[in-house]
Every structure is written in C-alpha cells, then in structure tokens.
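The values are calculated or read from the model by the stated rules, or taken from the named source; none is laboratory data. In this text the structure is predicted, and so the values were computed from the model without any measurement. Backbone-built Cβ (ideal geometry, glycine too); neighbour counts: all protein chains shown. What goes into the accessible areas is simple: the full protein's heavy atoms, side chains included, and nothing from ligands, DNA or RNA. Shrake-Rupley method; radii C 1.70, N 1.55, O 1.52, S 1.80 Å.
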Amino acid sequence: MVDRAFKAAAFVGVSLDGFIAREDGDLHWLTSRGEAAGDYGYDAFIEGIDTVVMGRGTNEPGRTYDPWPYEGRHVAVLSTTLPLDADPRISVHRDLGDLLRALDERGAKSVYVDGGQVIRTFLRAGLIDALTITTVPVLIGSGVPLFGPLERDVPLRHVATRVLGAGVVQSTYAIEPVT
C-alpha cells in the first residue's frame with residue numbers, strides 16, 4: 001500500500017464476460033444501449049473528480065472528442081511511448097512513481113482511474129478505493145479484459161447494486177485494505 005493524500009476510484013463498463021473493449025478498441029456493444037439504459041451515474045461521479053488518470057490506449061481516442069470531456073480537471077496519462085508534449089491538455093508520466101509524485105505535488109484529492117491497464121496497475125499497487133462496474137448484458141467472446149493476473153487477492157466490500165434500463169447492472173465496491 002502506497003501512502004497518498006488522494007482517493008481513487010474506477011468507473012468502468014464491461015461486457016458480461018468481463019471485457020472493456022473489443023481487441024480493436026471498438027465499444028459499440030457498450031454504447032449501443034444509449035438512452036434505453038438510462039442514467040449510468042457518470043455525470044454525478046465525475047462531478048467530484050479533480051484528476052483523471054488513464055493510459056495511452058484510453059487517451060488516444062479521447063483526444064479527438066469535441067468538446068473535451070475533462071475540462072477543468074487535470075488529466076495525467078501513464079505511458080512509456082506517448083511523447084511528453086503530445087497534448088497541452090494532459091501531462092504524461094513514464095512510470096507509476098513519477099505519476100504519484102506529480103499527483104502529490106498537484107494536491108490531487110479525488111482521482112478517476114480509467115483504462116484497463118491503468119486500473120490493473122492501480123489495483124496491484126493498492127491505490128483504488130472504490131470500483132464501480134457497469135455490466136452490459138452482452139457476451140463479446142474476446143477483447144481487452146478489465147482484470148488480469150494479480151499478485152494477491154483484492155478483497156472487496158459490496159456497497160450497492162442497481163439495475164438500469166436495457167438489463168444493464170451497476171455494482172459499486174469498496175476495496176478493503178489488505179492486512
């Protein structure tokens with residue numbers, strides 16, 4: 001467990017078989033539910049966030065969004081390949097240690113962790129406090145998994161589950177400290 005001043009949360013959509021995207025990054029299976037799914041609670045979630053941390057793979061498609069969805073928030077990208085000056089709206093960090101120092105220096109309080117690799121990195125380091133998983137009732141068979149190998153069990157405490165429209169189910173968990 002790393003000592004830190006911020007709280008971190010992941011808010012992510014998955015297929016029923018645990019994938020966050022198809023192998024090619026396609027999210028149509030997730031976004032196709034549209035209005036039928038109702039309010040996922042993302043707007044309320046992001047309202048309390050001052051910093052967004054993501055990987056290069058999550059950042060690249062987001063750089064084309066107009067308007068920029070993270071206006072007023074610091075966006076940090078964890079990447080070993082993205083140029084440090086790739087986009088003036090983001091800061092690029094080569095490793096977790098550098099990122100954590102920068103978050104501390106900026107006084108980050110509430111961090112949204114986004115993207116499969118970064119979520120797994122933060123989980124392995126014991127840096128996620130809450131995990132909200134929105135499960136879409138579709139099996140896509142293969143793709144980018146939300147979870148992967150971990151060095152230890154990550155104990156979770158169930159906080160809430162709600163059923164949204166179109167059969168979408170959203171569960172929130174608190175990450176229990178490992179003793």
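Assorted remarks:
- Every condition in (1) touching a residue at least 60 places away in the same chain (Cβ under 8 Å); (2) out of contact with any Phe, Trp or Tyr (no Cβ under 8 Å at 6 or more places or on another chain); (3) of a type in the set (G, A, S) holds for S32 except the one numbered (1).
- Among residues of segment 44-69 being without any contact (Cβ under 8 Å) to a residue 40 or more places away in the chain and part of a loop (DSSP other than H, G, I, E, B), the one that is most open to solvent (accessible area, probe 1.4 Å) is D66.
- Unique match (being touching a residue at least 12 places away in the same chain (Cβ under 8 Å), part of a loop (DSSP other than H, G, I, E, B) and open to solvent by less than 50 Å² (accessible area, probe 1.4 Å)) among D39, D87: D87
- If you go through segment 141-179 and keep only what is open to solvent by 70 Å² or more (accessible area, probe 1.4 Å) and assigned to a strand (DSSP E or B), you end up with L156, R157, H158, V159, T161, R162, V163.
- Checking V77 against (1) outside any strand (DSSP E or B); (2) touching a Gly at 6+ places or on another chain (Cβ under 8 Å), the condition it does not meet: (1)
- Residue list for segment 4-25, filter: at pLDDT below 95, over 22 Å from D153 (Cβ atoms) and part of a loop (DSSP other than H, G, I, E, B): A5, R22, E23, D24, G25
- Scan of segment 134-173 for residues that are of a type in the set (A, V, I, L, M, F, W, C) and closer than 13 Å to L123 by Cβ, ordered by number: L146, F147, L150, V154, L156
- Exactly one residue out of R106, R33 is surrounded by 13 or more Cβ atoms within 10 Å (Cβ to Cβ) and at pLDDT below 85, and it is R33.
- Applying the condition of being outside any loop (DSSP other than H, G, I, E, B) and modelled with pLDDT under 95 to segment 123-133 and asking which residue is nearest to A8 (Cα to Cα) yields L123.
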